[in-house]
Amino acid sequence: MHTDWPLWEVFIRSKQGLDHKHVGSLHAADAQMAIENARDVYTRRMEGVSIWVVQSSDIHASNPDDAESLYDPANDKAYRHPTFYDLPDELRHM
Amino acid sequence: METVEITCPDQVFLDKLDRELKIEPKDWMPEPYRQTLIRQISQHAHSEIVGMLPEGNWITRAPSLKRKAILLAKVQDEAGHGLYLYAAAETLGISREKMYQQLHNGKAKYSSIFNYPTLSWADIGAIGWLVDGAAIMNQVPLCRNSYGPYARAMVRICKEESFHQRQGFEILLTLSRGTPQQRAMAQDAVNRWWWPSMMMFGPPDASSPHTQQSMRWKIKRFTNDELRQKFVDICAEQATILGFSLPDPLLKWNATTGHFDFGPINWDEFNQVINGNGPCNKERLDARRKAWDDGEWVREAAEAHAAKQKTKAAAA
Ligand SMILES: [Fe+2]
Ligand SMILES: [Fe+2]
């Protein structure tokens, strides 16, 4: 009995010089087919110049329940941002 | 927020909705929200896929190479829409295979509109103008729905839909400037597609029990009747550009409401078609099942090829 082909996540570089960005997913028997299908499904209107595919089962994600402990500590470190520093208006080029 | 400690996951969920934050696949969500989305997104995906059939019927008979290329591109887009939506539904925990099964065994529903036949070339124009037009009316607010993967799929779909409607309108416009026979053919297509298109917005609000819940969950942003009225108002004006009439003797501008009044919709017909008794229900399902069965050897061959390549790569 047939079961679904593996699921792949598709990343597309929309133009030279930009990062690959996640655009969606699809099923394919292997990586080559995943790239070919990604071309048909996600780049019908010149949306990309390069495609990455990654088998979804190979992606490890952080747990949303950990969001607080992972990201909140950065909240009280405003001094990491340039706007934290109160400098005279006449100061130029900084 | 400062005084109330929010701990119950249900409250966290509702709080996110109130703040217009998206729910993502791994976030906690109430089971009925998940099931509602699975049903709605998979039905939507099935509609895109089955929707290729009535139009595919005219690809080989399009009146010119240009029209054929356009129709091919449109039908290919619909396949893409189905795939985006199936992928969005899968993030909720249902497998692609299960969704196909539900479609093929008749358990899943799809939009009733695709159970009507495409009798002439003008039907391709009427479908683009009215059916894609109604779909866009439904789909634009869905770009803001609360489930992240569904909303993102809808943004992509809406970007692609607009040419679908425009090409349909252009077909009708061309026919409207043609011979008397061509005008009659186009008017006939509009007559046949108008009421089924009106039904695409679903039952009236009074008999649509899930609407309130879906609006609370921010899956739906407008009620069926609100969207239908918008559609009527827009189409009534666009029809005058084509010089065609809409087949509703009660259609009339109402200065008091600022909307067009329209006649009663035949909900018996709608229920008949939804329940499998439309003119093409059997033909559509048979075509989908046949495509699936005929593709069996291709799926097997692709799997065998992938396995062989893997073994080769491991040995090298
Ligand atoms: Fe579509
Ligand atoms: Fe469309």
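Normalised by the empirical 2.2 N^0.38 Å for globular proteins, what value does the Cα Rg of the protein assembly as shown take?
Here the Cα radius of gyration is 1.14 times the empirical estimate.
Dipole size in debye (nearest 20) for the protein assembly as shown around its Cα centre, Lys and Arg Cβ +1, Asp and Glu Cβ -1?
1460 debye
Please tell me which of these pairs span more than 29 angstrom C-alpha to C-alpha: B:Lys26/B:Lys109; B:Lys107/B:Lys290; A:Lys15/B:Lys159; B:Lys26/B:Lys282; A:Lys15/B:Lys218?
In this structure, B:Lys26/B:Lys282; A:Lys15/B:Lys218 exceed 29 Å between Cα atoms.
From Cα coordinates alone, what are the radius of gyration and Dmax values for the range B:1-133 in angstrom?
For the range B:1-133, the Cα radius of gyration and maximum Cα-Cα distance read 19.8, 69 Å.
Angle check, please: helix A:31-42 long axis (alpha carbons) against the longest principal axis of chain A (alpha carbons), in degrees 0 to 90, nearest 10.
On a 0 to 90 degree scale, this one is about 70.
Once Lys and Arg get +1 and Asp and Glu get -1 on their Cβ, which of B:Leu285, B:Ala304, B:Ala314 lies farthest toward the positive end of the dipole of the range B:253-316?
B:Ala314
Please compute the contact order of chain A in relative form: average sequence separation of alpha-carbon pairs under 8 Å and at least six residues apart, divided by the residue count, as a percent.
Reported as a whole number, the value is 27 percent.
Mind checking the range A:62-94 for chymotrypsin sites (Phe, Trp or Tyr not before Pro) that DSSP puts in a loop (not H, G, I, E or B) and that have at most 16 other Cβ atoms within 10 Å?
Values: sites: A:Tyr71, A:Tyr79, A:Phe84, A:Tyr85; in loops: A:Tyr85.
When the chymotrypsin sites (Phe, Trp or Tyr not before Pro) of the range A:62-94 are filtered for loop state and at most 16 Cβ neighbours within 10 Å, A:Tyr85 remain.
Name the shape class, rounded, prolate or oblate, that the alpha-carbon gyration tensor gives for chain A, where a ≥ b ≥ c are the square roots of its eigenvalues, rounded holds for a/c under 1.5, and otherwise prolate holds if a/b is larger than b/c and oblate otherwise.
Oblate is the answer for chain A, as a/c is 1.5 or above yet b/c matches or exceeds a/b.
According to the square roots a ≥ b ≥ c of the eigenvalues of the Cα gyration tensor, what is the shape class of the range B:15-74, taking rounded for a/c under 1.5, prolate for a/b larger than b/c otherwise, and oblate for the remainder?
Prolate is the answer for the range B:15-74, as a/c is 1.5 or above and a/b outweighs b/c.
Please report how far the C-alpha centroid of the range B:87-137 lies from that of the range B:172-230, rounded to the nearest whole angstrom.
Their Cα centres are 15 Å away from one another.
Measure out, as a whole number of angstrom, how far apart the alpha-carbon centroids of the range B:1-73 and the range A:1-78 sit.
Comparing the Cα centres of the range B:1-73 and the range A:1-78, I get a distance of 18 Å.
Per-residue mean of other chain beta-carbon atoms within 10 angstrom of the beta-carbon, peptide B:82-94?
For peptide B:82-94, the averaged partner shielding equals 3.
Using the Cβ atoms and a cut-off under 10 Å, what net charge is assigned to the surroundings of B:Pro204, where Lys and Arg are +1 and Asp and Glu are -1?
Neighbour charge sum, excluding B:Pro204 itself: -1.
With charges set only on the Cβ (+1 for Lys and Arg, -1 for Asp and Glu), what does the dipole of the range B:196-316 come to about its Cα centre, in debye to the nearest 20?
My answer is approximately 760 debye.
In whole Å, largest first, what are the principal axis extents of the Cα atoms in the range B:9-315?
70, 50, 33
Using a Gaussian network model on chain A with a 10 Å cutoff between Cα atoms, which of A:Asp40, A:Asp76, A:Asp19 fluctuates the most?
With Cα springs under 10 Å in chain A, the top fluctuation among A:Asp40, A:Asp76, A:Asp19 is at A:Asp76.
Using only DSSP helix segments of four residues or longer, with each worth -39500 (n - 2.57), what per-residue ellipticity at 222 nm results for chain B after dividing by its residue count and rounding to 500?
Rounded to the nearest 500, the figure is -20500 deg cm²/dmol.
Once you charge only the Cβ atoms, +1 for Lys and Arg and -1 for Asp and Glu, what is the size of the charge dipole of chain A about its Cα centre, to the nearest 20 debye?
Details: 9 positive and 16 negative charges, 123 e Å.
My answer is approximately 600 debye.
The numbers here are math on the coordinates, done by the rules we state, and not lab data. Note that the coordinates shown come from a computational prediction; the quantities given were computed from them, not determined experimentally. Cβ: placed from backbone, ideal geometry, glycine included. Neighbour counts: every protein chain shown.
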